[in-house]
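J.: Take this structure, written in structure tokens, and hold onto it; I'll ask about it next.
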Amino acid sequence: MGIKRLYDRAPFSWDEKSAQTIQNDRNWLESITRNAAPLSDWWTKARIVQLAYPVPAEGGVAKTAGKRIYAGLNETEIVQLLREGVDPAQHPDFDKQVTEDFVINTLNAWKSQRFAQSISRNFDIYADRIHPNTFLVVSTAPVSLEVDRVLPPSDRFRPLFNVDELAKLVHAHDVNRLTLRTHGYSNHAESFYHIFQDEAKGFNTPDTETGTPPFTPDHFFIGYHWPSEQPVTSPGLWNDYRRAPGIVLKFLLVLSVLSAIFGTLLYLFLRLLGIPLLTLLERVPPLVPLLEWSRIRLVADYAVQLHWLIPTIFMLWLLLFLLLRIVVYQRDRYRAIHYGAPDLAEFFWRLDKALNKPENWAVRSSQNGKSDRNRRIKVNLLGHSMGALVVVNMLRTLSERFGKDDHGTLKPDSDLNFNEDETDDIGEHLELDKLILASPDIPLEFLREGRNNYVRSAMRRCRRIYLMSSDRDFVLRYLSTLANWFIEPSIQMAGLRLGNVYLREAPKAKSRKQFKSNAPTRQDIRVEKPTVPEYLPYIRIMLHSEKAVQPTSSYELFRKFNYLDCSEMGGSGKDGGVNSVPFKLNGINGLLIDALNIAWFALGSTTGINRLDIHGGYFQTQTRSFQILQFLLTASPFLSDEVIKAEIARLVEGSPIRFLPSQPWVMPKSENVAGE
């Protein structure tokens with residue numbers, strides 16, 4: 001039995017709408033079909049509405065620019081047209097869902113003004129045509145209102161109809177683990193698609209010894225792209241200037257007026273107050289030799305004569321502000337927080353909801369004797385740079401939905417008990433396992449005692465947390481500091497990033513000290529010996545270093561991390577990695593190391609001599625860090641802490657990577673030190 005139509009006729013007519021409404025509707029529908037994944041549900045719905053209307057004629061002639069004219073189709077004709085050339089094997093859900101009832105429902109939603117609600121989904125999903133366990137999730141937000149999205153290459157990725165199709169694949173492949181990886185700042189779509197394909201190949205290439213790939217068919221690898229763009233060359237930057245000249249002129253006018261005001265005030269100060277004051281001081285005999293020696297009068301005279309340079313200097317600030325926009329750091333940060341994180345949270349929420357639908361799973365017994373309805377899937381999250389900001393903001397959003405601090409634990413890995421500790425769930429079917437942050441662009445100040453922030457909520461949700469960091473990451477050390485200087489609430493937040501933490505040998509205790517516990521009475525005092533590990537987390541400012549854990553820090557947050565210091569890690573055969581300088585850090589060579597790495601990175605970027613990536617070399621397949629990533633993402637979530645630590649210790653053996661496992665350590669009292 002078909003669905004009742006709420007409209008009078010199909011095809012539709014434009015006659016009932018004003019000219020402006022017609023143009024707005026057409027532009028909106030055309031934008032959807034250009035930017036949505038072809039054959040996805042919301043692309044299909046937009047095409048249905050387009051096909052239900054005739055092409056408006058102007059002057060009696062329909063302007064189609066050589067395109068095929070559809071003079072308004074009925075439900076049957078729309079279904080036939082949409083199905084033309086669609087392979088049911090490649091698009092099974094499209095083949096099953098797109099029926100006359102689906103078309104009628106869509107047109108009902110359009111006529112009852114519920115169409116926007118019916119297509120309200122802020123992500124697209126693509127399946128890899130080569131690796132059946134690999135998928136792409138792409139935020140539907142564009143980098144700019146004036147720029148269309150760059151969709152994944154159709155020869156490599158096929159779009160899924162909606163999240164229900166992914167849920168069916170999860171059940172069909174008996175998936176028990178899911179790994180999601182997202183990118184950082186300045187990773188435009190084409191670049192990320194290429195990098196993700198290389199990583200998918202690495203994770204699905206059979207091992208030479210075992211003959212099996214790291215990622216098995218029941219382990220899905222998902223890449224997530226949020227709207228990021230390239231500095232300088234991004235079309236969104238220049239389209240904004242071209243399409244909104246009035247706003248640009250307003251910005252230039254305001255800064256020019258401010259420059260003129262400050263320049264004029266400085267000139268008047270010198271002319272009316274500075275010069276007369278110096279003339280008066282020259283009459284004081286004891287001050288005459290000092291004034292002649294310092295030549296203050298000469299400098300003041302030159303300043304007055306060259307007063308036209310003053311507004312010029314202020315105009316240079318105009319170029320600086322424009323440069324900050326062209327670098328796109330703040331644009332990416334805004335999109336990461338307001339687009340990337342909410343869209344990713346929506347994906348996990350909708351996926352969990354889809355996994356719970358009876359029509360998406362078959363009641364059958366799996367190996368553990370549970371039905372698909374009771375399936376629990378471990379989720380690994382891998383965030384790089386600003387992508388780490390996306391991940392933890394996403395976890396904060398999900399924590400608000402599923403309970404903020406009533407789930408999870410901040411226990412170190414050595415104290416975890418999977419039989420007793422609470423399940424770190426983000427829904428009915430999804431449980432968080434590992435959170436891996438590589439060069440996270442997150443302020444170190446967020447790990448403060450008493451802060452009710454998203455970092456704490458995120459850490460409670462994840463069983464194990466791994467931090468891959470480098471004190472030689474100049475993108476975080478310098479560029480992030482400059483870009484965040486104007487927006488972070490405190491200087492410490494702007495200047496110290498979690499991704500710059502490094503490990504140094506713990507200072508040897510001069511004498512053994514005893515620590516008293518918070519016992520209620522003097523008779524109940526318990527004496528404990530503090531646990532001082534081999535390494536401790538520090539952070540470098542310029543030449544000197546200071547403890548990452550300050551008296552106001554939340555110790556349990558720092559203890560939750562498993563630290564992997566990759567500061568000195570290069571690639572295989574001196575190619576790639578995050579460092580190219582073999583020097584050991586000390587109190588005088590910190591800036592030299594940074595300068596050499598920057599120079600070698602710039603040289604390699606322009607000549608292709610090497611693949612050094614100071615900020616993102618952790619993911620290069622020839623590095624030791626990538627081997628560690630493979631182990632962490634594929635290791636059983638039920639492995640004991642001792643086994644995991646032993647395997648990581650084996651992998652870092654013989655490499656410059658330093659490893660500090662999560663444990664209830666104590667930061668000894670010591671002064672800040674210079675360098676290493």
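J.: By the gyration tensor of its Cα atoms, with a ≥ b ≥ c the square roots of the eigenvalues, what is the shape of the range 116-159: rounded for a/c under 1.5, prolate for a/b over b/c, or oblate? It would help to have the intermediate numbers written out before the result.
T.: Numbers: a/c = 2.94, a/b = 1.61, b/c = 1.83.
Taking the square roots of the gyration eigenvalues as a ≥ b ≥ c, the range 116-159 is oblate.
J.: Sticking with this structure for a sec: Through the Karplus equation 6.51 cos²θ - 1.76 cosθ + 1.60, θ set to phi - 60°, convert the phi angles of the range 127-135 into ³J(HN,Hα) values in whole Hz; use x for Gly and Pro.
T.: After applying 6.51 cos²θ - 1.76 cosθ + 1.60, I find 9, 6, 6, 9, 10, x, 9, 10, 9 Hz.
J.: Mind listing the long-range amide H neighbours of Ile222? Cut-off is under 5 Å, sequence gap 5 or more, other chains count too, H placed in the peptide plane at 1.01 Å from N.
T.: Phe135, Thr179, Leu180, Arg181
J.: Sticking with this one: State to the nearest 20 debye the size of the charge dipole of the range 201-271 about its Cα centre, where the only charges are +1 on K and R beta carbons and -1 on D and E beta carbons.
T.: In total the dipole reaches around 780 debye.
J.: Given Lys411/Lys547; Lys96/Lys434; Lys201/Lys411, which pairs have Cα atoms separated by over 28 Å?
T.: Lys96/Lys434; Lys201/Lys411
J.: Leaving ligands, DNA and RNA out of it, report the carbon-plus-sulfur percent of the accessible area of the range 133-214 at a 1.4 Å probe. Each step should come with its number before you reach the end.
T.: Values: 1590 of 3110 Å².
Its accessible area is 51 percent carbon and sulfur atoms.
The values are calculated or read from the model by the stated rules, or taken from the named source; none is laboratory data. Just so it is clear, the structure is predicted and the values come from calculations on it, not from any experiment. Counting neighbours? That spans all protein chains shown, and the Cβs are built from the backbone with ideal geometry, glycine included. Side chains are part of the model used for accessible areas, which takes the heavy atoms of the whole protein and leaves out ligands, DNA and RNA. Shrake-Rupley method; radii C 1.70, N 1.55, O 1.52, S 1.80 Å.
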